[in-house]
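To start, the structure under review is shown below, and the notes come after it.
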Amino acid sequence: MPPPELIAAVLIVIFLGIGLHEYAHAKLADLAGDPTPAFYGRVSLNLFRHFDPLGSLMILFTAFTGFGIGWGRPVPMNPQQMRNPRWDHFVAVLGGPVSNLIQAALYAIVMRLTMLTGTYEQLPTFVHLLLYFGVSLNLTLCFFNLIPLGPLDGMWLVGTFMNDKSRLQWTRWNLTFGQFVFLGAVLLSQLSPGPGIIGLVIRPPMVLLFRFLTGVPFPF
């Protein structure tokens, strides 16, 4: 079993990372005039409402490598209820990954400030782990959700730039066959000895941005 402080740090980061990701979707859709998220009780900072059991378990099991993949409970949205259906929906979808990027930056700022003041080495192990996973897991969630496949945010973002007919076909494919391709890619990534298909896609930008934000190389 991993040490208790490691488990606690990961759980806190996952709770905030996934919960705020889904809340950002719901809040931005609500601000755009769509009543759907509020109807389902998703415009809420009660973050427990935003968790998908499978996605949460996936990121929990994979997080201890420092590179966790997972997802939250999808927020129901109706773009036709928004003031500007295409672009308001785009912003509401993009808000999830951006929220993870902001969280990663906040953890990194604290890390850099403690390094600059010379207090980083004196911090408890739990705080070291919290800051490290706060950056790494949020960056992973950001880039993972930008993959344009299955039910992930990237699928909706790419569809924004298609004409109506192509977007409808793209969405249908992703919500039927695409979701099985997505699950297959996730399983292959977990069973393969190396970084796997998903790791090959999202690891390079994650590692690069980790170093940019923290000033130190990604340790794995």
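Quick note: the coordinates plus some simple rules give every number you see, no bench work behind them. Because the structure is a prediction, the values reported are computed rather than measured. For neighbour counting, all protein chains shown are included, and Cβ atoms are generated from backbone atoms with ideal geometry for every residue, glycine included.
Annotations
- In degrees, nearest ten, helix 125-145 long axis to first principal axis of the chain (Cα): 30 degrees
- Two-decimal log10 I(q)/I(0) for region 105-220, as the Debye equation yields it once each C-alpha is a single scatterer, q = 0.16, 0.20, 0.21 Å⁻¹: -0.83, -1.03, -1.08
- Helix axis angle, 85-116 relative to the chain longest principal axis, alpha carbon, degrees: 10 degrees
- Positive dipole terminus of region 114-216, leading residue within GLY118, GLY134, MET206 (C-beta point charges): MET206
- Principal-axis tilt of helix 53-63 within the chain, Cα atoms, nearest 10 degrees: 30 degrees
- Cα centroid of region 171-187 to Cα centroid of region 6-33, whole Å: 23 Å
- For the chain, size of Cβ-based charge dipole, Lys and Arg +1, Asp and Glu -1, in debye: 360 debye
- Derived from the Cα gyration tensor, the three semi-axes of the equivalent ellipsoid of the chain are 31, 20, 16 Å, largest first.
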